[in-house]
Amino acid sequence: MKGIMFNARYGLENAVLRGTKTRTWRADKKPRYEVGEIVAIKQSYKEVMSYAFYNDKNLYDKVCNLFDEAGATNKMFVKNELMPHKIRITKVTPCRLQDVTDDECMNEGIDQLIELGYFYFEDKKVEQGFYHKTPKGAFATLIDKLNGKGYWDTNPMGYAYEFELIK
């Protein structure tokens with residue numbers, strides 16, 4: 001089973017787990033995932049233990065045995081088969097980054113302050129919000145935060161993966 005990481009600092013991992021993020025764009029040269037494929041959401045063993053303590057005693061015991069490994073705090077080093085949350089890929093589309101629509105930006109994890117008419121995401125580490133008048137503006141800033149200033153402007157080719165959270 002393959003795994004996928006979502007950025008926790010900008011709330012993307014939580015948005016996936018809430019079911020509000022259902023799309024991710026990746027600068028892949030060829031598709032990394034296929035329609036119908038089940039993919040593990042990579043989380044640190046520390047995060048998995050918190051979930052498993054209340055929901056899955058068997059998983060909790062397995063993860064406890066691995067807790068002093070590199071995956072304890074770094075989700076890059078976890079075993080995909082031990083991840084409790086998974087997604088199913090429902091659509092794979094080759095596209096340029098800036099081809100994204102406003103609706104697709106919302107599916108990428110952008111939130112909306114309806115009362116004020118702003119679209120935004122937050123940096124959880126420094127408790128700062130980034131507010132824009134359009135979903136695309138917020139998404140462009142998010143992309144630059146994730147990949148480096150000016151990345152949005154390069155408009156690279158990649159793949160948009162649409163998915164559903166498996167309950």
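The values are calculated or read from the model by the stated rules, or taken from the named source; none is laboratory data. The structure presented is a predicted model; accordingly, all values stated were derived computationally and were not measured. All Cβ positions, even for glycine, are placed from backbone atoms using ideal geometry, and neighbour counts span all protein chains on display. For accessibility, only protein heavy atoms count, side chains too; no ligands or nucleic acids. Shrake-Rupley method; radii C 1.70, N 1.55, O 1.52, S 1.80 Å.
Observations on the structure shown:
- Looking across segment 13-22 at every residue that is open to solvent by less than 10 Å² (accessible area, probe 1.4 Å) and touching a residue at least 60 places away in the same chain (Cβ under 8 Å), the one that is farthest from Tyr120 (Cα to Cα) is identified as Val16.
- Number of the condition not met by Val126 [criteria: (1) in a loop (DSSP other than H, G, I, E, B); (2) more than 20 Å from Ala8 (Cβ to Cβ)]: (2)
- Among the residues making up segment 146-155, those that are out of contact with any strand residue (DSSP E or B) (no Cβ under 6 Å at 6 or more places or on another chain) and surrounded by fewer than 16 Cβ atoms within 10 Å (Cβ to Cβ) are Leu146, Asn147, Gly148, Lys149, Gly150, Asp153, Thr154.
- Annotation: Phe77 fulfils all but one of (1) within 21 Å of Met157 (Cβ to Cβ); (2) open to solvent by 60 Å² or more (accessible area, probe 1.4 Å); the unmet one is (1).
- Among the residues of segment 90-107, not a single one is touching a Leu at 6+ places or on another chain (Cβ under 8 Å) and either closer than 15 Å to Lys21 by Cα or not basic (Lys, Arg) (or both).
- Residue in segment 52-59 that is open to solvent by 60 Å² or more (accessible area, probe 1.4 Å), closer than 21 Å to Thr22 by Cβ and out of contact with any Gly (no Cβ under 8 Å at 6 or more places or on another chain) present: no
- Qualifying residue in segment 26-38 (condition: β-branched (Val, Ile, Thr), open to solvent by 40 Å² or more (accessible area, probe 1.4 Å) and farther than 30 Å from Gly129 by Cβ): yes
- Filter pass, Glu127 being in contact with a strand residue (DSSP E or B) (Cβ under 7 Å, 6 or more places away or on another chain) and open to solvent by 70 Å² or more (accessible area, probe 1.4 Å): no
- All of Ile110, Ile143, Ile89, Ile166 fail the test of being crowded, with 17+ Cβ neighbours inside 10 Å, in contact with a strand residue (DSSP E or B) (Cβ under 9 Å, 6 or more places away or on another chain) and over 16 Å from Asn7 (Cβ atoms), apart from Ile89.
- Scanning segment 141-167 for residues that are basic (Lys, Arg) and either in a helix (DSSP H, G or I) or modelled with pLDDT of 95 or more (or both) yields Lys145, Lys149.
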